[in-house]
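For reference, the structure discussed in these notes is given below.
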Amino acid sequence: MHDFMKLRIWNDAVELVTDVYKATEKFHKDERFGLTSQVRRCAVSIPSNIAEGAGRRTPCEFKQFLGIAIGSSCELHTQLVIAQRLGYLEAQEVAGLAARIVLIQKGVHKLDESIQGKK
């Protein structure tokens, strides 16, 4: 079991969640139960899956949850692009969040590789 709170990547992902929540406050109120909710759930899913994987008993299980975190990050990126196209977010704001998503994805991949051969 890993102490997920000491993982830099988990902390970076939690900070991203905070910024995504702030960004989505500007979304149209009609989107509260649609895109706003979906974007926030994806963002929360990233550190949550890192944490859940860290709490699992085997490296294989941990790796599975890291894969889910990567999937959620891709979904989040897609939804931010959609929000931009709908006029809810500015291009530079999406670019900044997207750059952080890519850094988190790279960190998750490195963590995955570090547990590759462990049983």
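A short reminder: the numbers here are calculations on the coordinates, not readings from a lab. Just so it is clear, the model here is predicted, and its values are computed rather than measured. Cβ: placed from backbone, ideal geometry, glycine included. Neighbour counts: every protein chain shown.
Looking at the range 6-41, the chymotrypsin sites (Phe, Trp or Tyr not before Pro) that sit in a DSSP loop and have at most 15 other Cβ atoms within 10 Å of their own Cβ are Phe33. Let's see if you can work this out: charge +1 on each Lys and Arg Cβ, -1 on each Asp and Glu Cβ, no other charges. What is the dipole magnitude of the range 1-105 about its Cα centre, in debye to the nearest 20? In total the dipole reaches around 180 debye.
The relative contact order of the chain, computed from alpha carbon pairs under 8 Å that lie at least 6 residues apart in sequence, is 30 percent.
Values of log10 I(q)/I(0) for the range 58-119 across q = 0.13, 0.19, 0.27 Å⁻¹ run -0.42, -0.69, -1.04, by the Debye formula with one identical scatterer at each alpha carbon and no solvent. Using the average count of surrounding beta-carbon atoms within 10 Å as a protection proxy, the listed peptides 106-112, 89-95 rank, highest first, as 106-112, 89-95. Among the listed pairs Lys6/Lys106; Lys63/Lys106; Lys6/Lys26; Lys6/Lys63; Lys26/Lys106, those whose Cα-Cα separation exceeds 23 Å are Lys6/Lys26; Lys26/Lys106.
Hey, which aspartates and glutamates would be in cross-link range of Lys22, C-alpha to C-alpha under 15 Å, not counting anything within fewer than 8 residues on its own chain? Correct list for Lys22: Glu31, Glu90, Glu93.
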